[in-house]
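Undergrad: Please see the structure below; I have some questions.
None of the figures in this text is laboratory data; all of them are computed from the coordinates on show. What you see is a predicted model, and the numbers here were worked out from it, not measured in a lab. Backbone-built Cβ (ideal geometry, glycine too); neighbour counts: all protein chains shown.
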Amino acid sequence: MKESQKTRITVWIFATQGGRLAKLAKQQREEKKATVKALIAEGKKPRAARIVVAGMSWPTLEETVTDAVRLRLTEPDLAGPWRPLSKAEAAELALSGRWPGASKGISLVERNYALPSDLVVSLRTASWRVSEKTLRELDRRGLVGSGVKLTEEQRQQRDELAERLHSPGRIVRQGLARFGPTADPKG
């Protein structure tokens, strides 16, 4: 089976999500060690036990993120169909951290994932298409850009408009919150 092409994408996720994903990875490592020990206890040679465990499958963090994002992109507000991105739009979206917004005291951590290229294109396209009117409005009002100095009123306007944006990172955070390994089953 040919592995699909991957594209590296940098996103900011909630620190709690990053912690939960790290805990999941640690738990998987411990499960693998415990499985090796159990197989040895059953009489397998250590090398044979490690080979058996190597053939077993635990989802990687990137697979977990991929599944959550794919599910998020099927929800009505992001499902499309969307007009493909122009080269200029795709280039702008490839830059991380270019979306305005107030932190509101929420801790975020930067993560870099190699996700299937088709998923990254879908994520970026949905993100841009859902947000493009708001991005144009922010630009029209002069509320974004390098070195822009905003009054308190302008900052408030920017933050209110930014609430309508769906950056790729925001979509990933929503996907993990709704469909990730620690998502609330009640929604």
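Undergrad: Report the residues of the stretch 53-91 in range of a label on Asp139: point 7 Å along Cα→C-beta, backbone N strictly under 14 Å from it.
TA: Hits in the stretch 53-91 for Asp139 at 14 Å: 86-91.
Undergrad: Can you find, among Ser131, Pro81, Gln27, the residue farthest towards the positive end of the dipole of the chain? Put +1 on the C-beta of Lys and Arg, -1 on that of Asp and Glu.
TA: Result: Gln27, furthest along the dipole toward the positive end.
Undergrad: Quick one: net charge of Glu75's neighbours, Cβ under 15 Å, K/R +1, D/E -1?
TA: Values: positive: Arg70, Arg72, Arg129, Arg170, Arg173, Arg178; negative: Asp67, Asp77.
It works out to a net charge of +4.
Undergrad: Can you put Trp128, Trp58 in order, fewest other beta carbons within 10 Å first?
TA: Ascending Cβ contact count within 10 Å gives the list Trp58, Trp128.
Undergrad: For an R0 of 41 angstrom, estimate the FRET efficiency from the Cβ-Cβ distance between Thr10 and Lys37 and round to the nearest 0.05. Intermediate results must be reported in sequence, preceding the final value.
TA: Details: r = 37 Å, r/R0 = 0.91.
Plugging the Cβ-Cβ distance into 1/(1 + (r/R0)^6) gives 0.65.
Undergrad: Using alpha carbons only, how many angstrom separate the centre of the stretch 1-66 from the centre of the stretch 140-166?
TA: What the calculation gives is 42 Å, centre to centre.
Undergrad: Give me the one-decimal Kirkwood hydrodynamic radius in Å for the chain, with the sum taken over alpha-carbon pairs. Each step should come with its number before you reach the end.
TA: Details: mean 1/r = 0.0530 Å⁻¹.
One over the average 1/r among Cα pairs gives 18.9 Å for the chain.
Undergrad: Please compute, for the alpha-carbon atoms of the stretch 100-177, the extent along each of the three principal axes and give them in descending order in Å.
TA: 41, 27, 22
Undergrad: While we're here: Taking the alpha-carbon distance from Lys149 and a cut-off under 29 Å, which lysines remain once sequence neighbours fewer than 8 residues away in the same chain are dropped?
TA: Filter leaves Lys104, Lys133.
Undergrad: Take every Cα pair under 8 Å in the chain that's 6+ residues apart, average their separations, divide by the length, and report that relative contact order as a whole percent.
TA: Details: 185 pairs, mean separation 73.9, N = 187.
With pairs under 8 Å counted, the relative contact order is 39 percent.
Undergrad: Next question, about the same structure. Calculated FRET efficiency, Asp77 and Ala114, Cβ-Cβ r, R0 30 Å, to nearest 0.05?
TA: Values: r = 26 Å, r/R0 = 0.88.
Calculated value: 0.70.
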